[in-house]
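Enquirer: Got a structure for you, questions after.
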Amino acid sequence: MIYSQDFHKVEDLVALFNNEFADCNTHLQSGAEEPFYQASVEGKPAIIYSTHDYFASALHECAHWCIAGKERRRLDDYGYWYAADGRTAEQQQEFFKVEQKPQALEWAFALASNLPFRVSLDNLNNPSGDAEAFREQVYARLIEYFEYGFPTRALRMIQILCRYYRQGQPIQIPDISSCSI
């Protein structure tokens, strides 16, 4: 299936997530200028903000949440650093290290949503680093998830996406060539 704005509406994804994870005191919200995770304060739900109405942004931000541990989920943006576009080569290598797992989960979420996946280098103004090597690292993480199991929340996410976008059909391990850079 090719991405369709009529079929892949971020509003549907938000509703699916918020319904499935109501027990986690966390809400997904699209439309932000920049993605951001706002930790729960005084019992109010945590909020995962995705960029604009981009379906892929929402999938990616959900992936971060699905792998963040309990302590990280108590911190805004999970306590991680973020260097904006224009990173140095060293910063880009650090980005590659921390983004392997969430991008592997995003790939699985894209498969479950019947969407193509594209790795994100997230450094358009200063592309540095080996994009092909990063794609291979993300793919290796994806294969590990298929072989050894997905984190619990990620598996729940995959299941709701498969039910909604694949009419319950399971996902298969993709070929690396199905992912573009």
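Enquirer: How many residues does segment 110-122 hold that are within 15 Å of Glu94 (Cα to Cα) and at pLDDT 80 or above?
Expert: Keep residues of segment 110-122 that are within 15 Å of Glu94 (Cα to Cα), which gives 120-122.
Cutting the leftovers down to at pLDDT 80 or above gives us 120-121.
Of the residues in that region, 2 qualify.
Enquirer: Further question on the same structure: Could you tell me how many of the residues in segment 14-63 are farther than 22 Å from Ser113 by Cα and of a type in the set (Asp, Glu)?
Expert: 4
Enquirer: Here is a further query. Of the conditions (1) exposed (fewer than 13 other Cβ atoms within 10 Å of the Cβ); (2) among the small types (Gly, Ala, Ser); (3) at pLDDT 95 or above, Ser4 clears all except one; give me its number.
Expert: Answer for Ser4: the failing condition is (3).
Enquirer: Further, regarding this structure: Looking only at segment 98-107, decide whether some residue is more than 12 Å from the chain's Cα centre (by Cα) and closer than 20 Å to Arg135 by Cα. So that I can check it myself, show each step before the final result.
Expert: Let us first name the residues in segment 98-107 that are more than 12 Å from the chain's Cα centre (by Cα), namely 98.
Then keep just the ones that are closer than 20 Å to Arg135 by Cα; that gives 98.
Yes, segment 98-107 has at least one match.
Enquirer: Looking only at residues that are in contact (Cβ under 8 Å) with a residue 60 or more places away in the chain and among the acidic types (Asp, Glu) in segment 11-67, which one is farthest from Val98 (Cα to Cα)?
Expert: Among those residues, the one meeting the criterion is Asp12.
Enquirer: While we're looking at this one, here's another question. Which numbered condition in (1) out of contact with any Phe, Trp or Tyr (no Cβ under 7 Å at 6 or more places or on another chain); (2) surrounded by 15 or more Cβ atoms within 10 Å (Cβ to Cβ); (3) over 24 Å from Gly149 (Cα atoms) is the only one that Tyr37 fails?
Expert: If we test Tyr37 against (1) out of contact with any Phe, Trp or Tyr (no Cβ under 7 Å at 6 or more places or on another chain); (2) surrounded by 15 or more Cβ atoms within 10 Å (Cβ to Cβ); (3) over 24 Å from Gly149 (Cα atoms), just (1) comes out false.
Enquirer: Given the structure, is Ile67 buried (at least 16 other Cβ atoms within 10 Å of the Cβ), under 17 Å from Arg141 (Cα atoms) and β-branched (Val, Ile, Thr)?
Expert: When the stated conditions are applied, Ile67 passes them.
Rundown of residues vs (1) buried (at least 18 other Cβ atoms within 10 Å of the Cβ); (2) modelled with pLDDT of 95 or more, yes/no style:
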site: Arg87; (1), (2): yes, no
site: Lys101; (1), (2): yes, yes
site: Leu105; (1), (2): yes, yes
site: Leu124; (1), (2): no, no
site: Glu132; (1), (2): no, no
site: Tyr139; (1), (2): yes, yes
site: Phe146; (1), (2): no, yes
site: Leu155; (1), (2): no, yes
site: Gln169; (1), (2): no, no
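Enquirer: Is at least one residue of segment 126-148 in contact (Cβ under 8 Å) with a residue 12 or more places away in the chain, under 21 Å from Asp6 (Cα atoms) and not β-branched (Val, Ile, Thr)?
Expert: For segment 126-148, residues in contact (Cβ under 8 Å) with a residue 12 or more places away in the chain, under 21 Å from Asp6 (Cα atoms) and not β-branched (Val, Ile, Thr): absent.
Enquirer: Any idea which of (1) crowded, with 16+ Cβ neighbours inside 10 Å; (2) within 17 Å of the chain's Cα centre (by Cα) is the one Gln92 doesn't satisfy?
Expert: Among (1) crowded, with 16+ Cβ neighbours inside 10 Å; (2) within 17 Å of the chain's Cα centre (by Cα), the lone unmet condition for Gln92 is (2).
Enquirer: Now a separate question. Tyr80: out of contact with any Gly (no Cβ under 7 Å at 6 or more places or on another chain), at pLDDT 85 or above and hydroxyl-bearing (Ser, Thr, Tyr), yes or no?
Expert: On the way: out of contact with any Gly (no Cβ under 7 Å at 6 or more places or on another chain): yes; at pLDDT 85 or above: no; hydroxyl-bearing (Ser, Thr, Tyr): yes.
So Tyr80 does not fit the description; no.
Enquirer: Take the residues in segment 46-72 that are touching a strand residue (DSSP E or B) at 6+ places or on another chain (Cβ under 6 Å) and among the charged types (D, E, K, R), then tell me which one is modelled with the lowest pLDDT.
Expert: This residue is Asp53.
Enquirer: Something else now. Inspect all residues belonging to segment 53-66 and state whether any of them is within 15 Å of Arg156 (Cα to Cα) and among the polar types (S, T, N, Q).
Expert: No, there is no match, as no residue in segment 53-66 is within 15 Å of Arg156 (Cα to Cα) and among the polar types (S, T, N, Q).
The values are calculated or read from the model by the stated rules, or taken from the named source; none is laboratory data. Bear in mind that the values here come from a model prediction, so they are computed numbers and not experimental data. When we count neighbours, we look across all protein chains shown, and the Cβ atoms used for this are built from the backbone with ideal geometry, even at glycine.
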